[in-house]
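As structure tokens, the structure follows; a few thoughts come after it.
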Amino acid sequence: MSDQLKGLAAALGRIPSGLFVVTARRGTSETGVLASWVQQCSFEPPQLTICLRRGRDINEWLEDGAAFTVNVLEDDGSTDLIVHFGRGFGLEESAFEGLEVYRPNGAPPVLREALAYLECRVAARSPVGDHDLFVGQVVAGATHGDGRPMVHVRKSGTHY
């Protein structure tokens, strides 16, 4: 890699992002995935965007109108969730075994250990490079405390 490309990769890596667990359900099956590219994109109506690497199993479930939950991880105490969801799960695997979750109004799983959650419905989807961009209309949410959200800064903007 040239020095110019190394500099570009380092500069991209300095863009901070949060750390989140995105959960979804299809029928009686549920799954979750660690995500870092989540951002509010609209006040009225309240909407957010998430980007997930193309080919991730959960993307199949995120069709127009599908429900998903964004769990905001807390700065202190959520490292076990990063390890748990960082390994990834197939759609047939139990992603929530050993975790305390609840499902307000039948929403996809909310992690009790999360700082906050936002229940969303897919409003739009678009391929962007090697990821899929989802726009979610926020329909509900709440906080579980007054902590600080976890912020992540990568060493390189060319890979996780």
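The values are calculated or read from the model by the stated rules, or taken from the named source; none is laboratory data. Model, not experiment: these values are computed from the prediction. Methodologically, a virtual Cβ is constructed for each residue, glycine included, from the backbone with ideal geometry; neighbour enumeration extends over all protein chains shown. When the accessible area is computed, the model is the full protein with side chains, heavy atoms only, and any ligands, DNA or RNA have been set aside. Shrake-Rupley method; radii C 1.70, N 1.55, O 1.52, S 1.80 Å.
Using a probe radius of 1.4 Å on heavy atoms only, what accessible surface per residue do you get for the stretch 31-160? Whole Å² is fine.
Spelled out: the 1.4 Å probe surface of the stretch 31-160, per residue, equals 53 Å².
How many nm separate the modelled label positions at Arg121 and Ser29, each set 7 Å beyond the Cα in the direction of the Cβ?
Computed distance between label sites Arg121 and Ser29 equals 2.4 nm.
Given +1 on the Cβ of Lys and Arg, -1 on the Cβ of Asp and Glu, and no further charges, what dipole in debye does the stretch 75-160 carry about its Cα centre, rounded to the nearest 20? Let's see the in-between values first.
On the way: 8 positive and 12 negative charges, 64 e Å.
In total the dipole reaches around 300 debye.
Given labels modelled 7 Å from the Cα in the Cβ direction, how far is it in nm from Phe43 to Ser17?
With each label placed 7 Å out from Cα toward Cβ, I get 2.6 nm.
Averaged over every viewing direction, what's the projected area of the C-alpha convex hull for the stretch 1-149? Give it in nm², one decimal, please.
Hull-based average projected area comes out at 10.0 nm².
Charges only on Cβ, +1 for Lys and Arg, -1 for Asp and Glu: so what's the dipole of the chain about the Cα centre, in debye to the nearest 20?
It comes to approximately 460 debye.
Nearest 0.05, what FRET efficiency do Arg103 and Leu8 give at R0 = 25 Å with Cβ-Cβ as r?
So, using R0 = 25 Å, E works out to roughly 0.05.
Which residues does the label zone of Ser36 cover in the stretch 110-141, counting backbone N under 17 Å from a point 7 Å along Cα→Cβ?
Backbone N within reach: 130-132.
With all protein chains present and a 1.4 Å probe, how do Cys41, Cys51, Cys120 order by accessible area, largest first?
Cys41, Cys51, Cys120
Give me P(r) over the stretch 68-137, computed from all C-alpha to C-alpha distances, binned every 10 Å, as integer percentages.
17, 43, 36, 4
In 5 Å bins starting at zero, report the fraction of Cα pairs in the stretch 32-72 per bin as a rounded %.
Spelled out per bin, shortest first, that is 6, 18, 31, 30, 11, 4, 0.
In what order, largest first, do Phe43, Phe68 sit by accessible area if the probe radius is 1.4 Å? Present the calculation step by step, with values, prior to reporting the outcome.
Values: Phe43 175, Phe68 0 Å².
Highest to lowest solvent-accessible surface, that is Phe43, Phe68.
Would you mind listing how long the stretch 4-76 runs along its three principal axes, going by Cα atoms, in whole Å with the largest first?
48, 31, 30
I need to check one value: relative contact order of the stretch 10-54, counting alpha carbon pairs closer than 8 Å and at least 6 residues apart, in percent.
Answer for the stretch 10-54 is 27 percent.
Would you work out what percent of the accessible area of the stretch 17-160, with all protein chains in place, is carbon or sulfur (probe 1.4 Å)?
50
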